[in-house]
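Peer 1: Next up is a structure, given as structure tokens.
The values are calculated or read from the model by the stated rules, or taken from the named source; none is laboratory data. Quick caveat: nothing in here was measured; it's all calculated off a predicted structure. Glycine also receives a Cβ, built like all others from the backbone with ideal geometry; neighbour counts cover every protein chain displayed.
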């Protein structure tokens, strides 16, 4: 028998297009074979996930999205060969009497075939059953169901591939977390007029292989469905480690809109005076509903938290964020800062954003400042603050223990 797929993460919904086609096939199976219920079940670890259900009755015994133990019911027993694929009358097969669903549903006739992927692994089963016995159920119906199972397998290929990638991504992130990642470093944000440090951005660093930039780790975590968990772990560590930094300086942390909307941030806010917390929302973070996000941010702002739009100028989304969220801080993307002293286009863009910030009483911060010429140009354009290697590389909090407080 082919091996079952290794599903190391929670089951995820099918793509809308695949789900629609599968439901259409299930409706066809149920109608053409005069059955009461037709369904597609995915084998996921020790469970059956009902991916699609077509029912003739108003209150069917199973619904799409239900999760049942893998060992319960007929599916696994058919795949293992303990039950035949075609059962015209369950009363004629003694083993069915030992399955509670036979009497509880009830199941009078049953037809089930494995859904096998191209690599030979079993996705689950395509099944249909009727409440009454069906003496005419036979090879013709079995042949049709097998062909439709093959069709479903080809349709499911892309979704299965995505789930496998999601499994690998989650395992990779979980391995990093088990190894103690992410570590936290801090990069100063300085007043461009005085060079005084006014705050720090907390940045994550990963030592786990493969070596790659932090944004790749967070992208994998988000893809695997644990993005908010990783963000909150990093944020909590940043808040805890920032306690040895000067108390009157801001601490900037990065949170996605999803995390802001779906997570309880109260434990995080309890670790710091909210007046010194700045939450950065990246330009790359998608916002599905600005009204909901504004409401969540409004509650934090009432506590004194400030909101920054990170990576401003990197794309259209940042302008949307700025207009919709009315941030307290606008952070220019490194792509705008780099070489600004010799690029009229960059000068024009930052001039425009700086003027917008002046009119809206926002603070502007230029990221990625690396040369005195860039610093001078930014200062002349009215940019308030800077961040970059010219001032300091990111370092552990302990290396800033003796830094002078901002004047």
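Peer 1: When you go through 175, 194 one by one, which is the residue that is within 22 Å of the chain's Cα centre (by Cα), farther than 30 Å from residue 29 by Cα and either surrounded by fewer than 20 Cβ atoms within 10 Å (Cβ to Cβ) or without any contact (Cβ under 8 Å) to a residue 40 or more places away in the chain (or both)?
Peer 2: Among 175, 194, only 175 is within 22 Å of the chain's Cα centre (by Cα), farther than 30 Å from residue 29 by Cα and either surrounded by fewer than 20 Cβ atoms within 10 Å (Cβ to Cβ) or without any contact (Cβ under 8 Å) to a residue 40 or more places away in the chain (or both).
Peer 1: Looking at residue 122, is it surrounded by 15 or more Cβ atoms within 10 Å (Cβ to Cβ), touching a residue at least 24 places away in the same chain (Cβ under 8 Å) and more than 30 Å from residue 17 (Cβ to Cβ)?
Peer 2: It is false that residue 122 is surrounded by 15 or more Cβ atoms within 10 Å (Cβ to Cβ), touching a residue at least 24 places away in the same chain (Cβ under 8 Å) and more than 30 Å from residue 17 (Cβ to Cβ).
Peer 1: Given the criterion within 18 Å of residue 42 (Cα to Cα) and touching a residue at least 12 places away in the same chain (Cβ under 8 Å), identify the matching residue among 70, 95.
Peer 2: Answer to the check: 70.
Peer 1: Something else: Which residues, counting only those in the range 270-283, are part of a loop (DSSP other than H, G, I, E, B), in contact (Cβ under 8 Å) with a residue 12 or more places away in the chain and out of contact with any helix residue (DSSP H, G or I) (no Cβ under 8 Å at 6 or more places or on another chain)?
Peer 2: Within the range 270-283, the first condition is being part of a loop (DSSP other than H, G, I, E, B), and the residues that meet it are 270-273, 283.
So of that shortlist, the ones also in contact (Cβ under 8 Å) with a residue 12 or more places away in the chain come out as 271-273, 283.
Within the range 270-283, just 273 meets the criteria.
Peer 1: Looking at residue 306 and the list (1) at pLDDT below 95; (2) in contact with a strand residue (DSSP E or B) (Cβ under 6 Å, 6 or more places away or on another chain), which single condition is not satisfied?
Peer 2: Looking at each condition in turn, residue 306 falls short on (1).
Peer 1: Let me ask another. Among the residues of the range 13-41, write down those that are under 17 Å from residue 151 (Cα atoms) and not in a helix (DSSP H, G or I).
Peer 2: Listed by number, the residues that qualify are 14, 15, 38, 39, 40, 41.
Peer 1: Now, a different point. Residues of the range 205-245 being touching a residue at least 40 places away in the same chain (Cβ under 8 Å) and in contact with a strand residue (DSSP E or B) (Cβ under 8 Å, 6 or more places away or on another chain), which ones?
Peer 2: Residues satisfying the conditions are 205, 217, 234, 237, 238, 241, 242, 245.
Peer 1: Tell me which helices (runs of 4 or more DSSP H) are completely within the range 319-407 and hold 3 or more residues being surrounded by 18 or more Cβ atoms within 10 Å (Cβ to Cβ), or say none if there are none. Lay out the reasoning, then the answer.
Peer 2: Values: elements: 334-337, 344-360, 372-380.
Passing ranges, in order: 344-360, 372-380.
Peer 1: For residue 110, indicate whether it is under 17 Å from residue 132 (Cβ atoms) and under 41 Å from the mean Cα position of the chain (by Cα).
Peer 2: Working: under 17 Å from residue 132 (Cβ atoms): yes; under 41 Å from the mean Cα position of the chain (by Cα): yes.
Judged against the criteria, residue 110 is a match.
Peer 1: Within the range 253-269, how many residues turn out to be in contact (Cβ under 8 Å) with a residue 12 or more places away in the chain, farther than 17 Å from residue 220 by Cα and part of a helix (DSSP H, G or I)?
Peer 2: Start the filter on the range 253-269 by keeping residues that are in contact (Cβ under 8 Å) with a residue 12 or more places away in the chain, which leaves 253-263, 265, 267-269.
Narrowing the set further to residues that are farther than 17 Å from residue 220 by Cα leaves 253, 260-263, 265, 267-269.
In the following step, the residues that additionally are part of a helix (DSSP H, G or I) were identified as 260-262, 267-269.
The qualifying residues number 6.
Peer 1: Of these, 292, 288, which one is within 20 Å of the chain's Cα centre (by Cα), without any contact (Cβ under 8 Å) to a residue 40 or more places away in the chain, surrounded by fewer than 17 Cβ atoms within 10 Å (Cβ to Cβ) and part of a helix (DSSP H, G or I)?
Peer 2: Working: 288 fails: part of a helix (DSSP H, G or I).
292 is the lone residue from the list that is within 20 Å of the chain's Cα centre (by Cα), without any contact (Cβ under 8 Å) to a residue 40 or more places away in the chain, surrounded by fewer than 17 Cβ atoms within 10 Å (Cβ to Cβ) and part of a helix (DSSP H, G or I).
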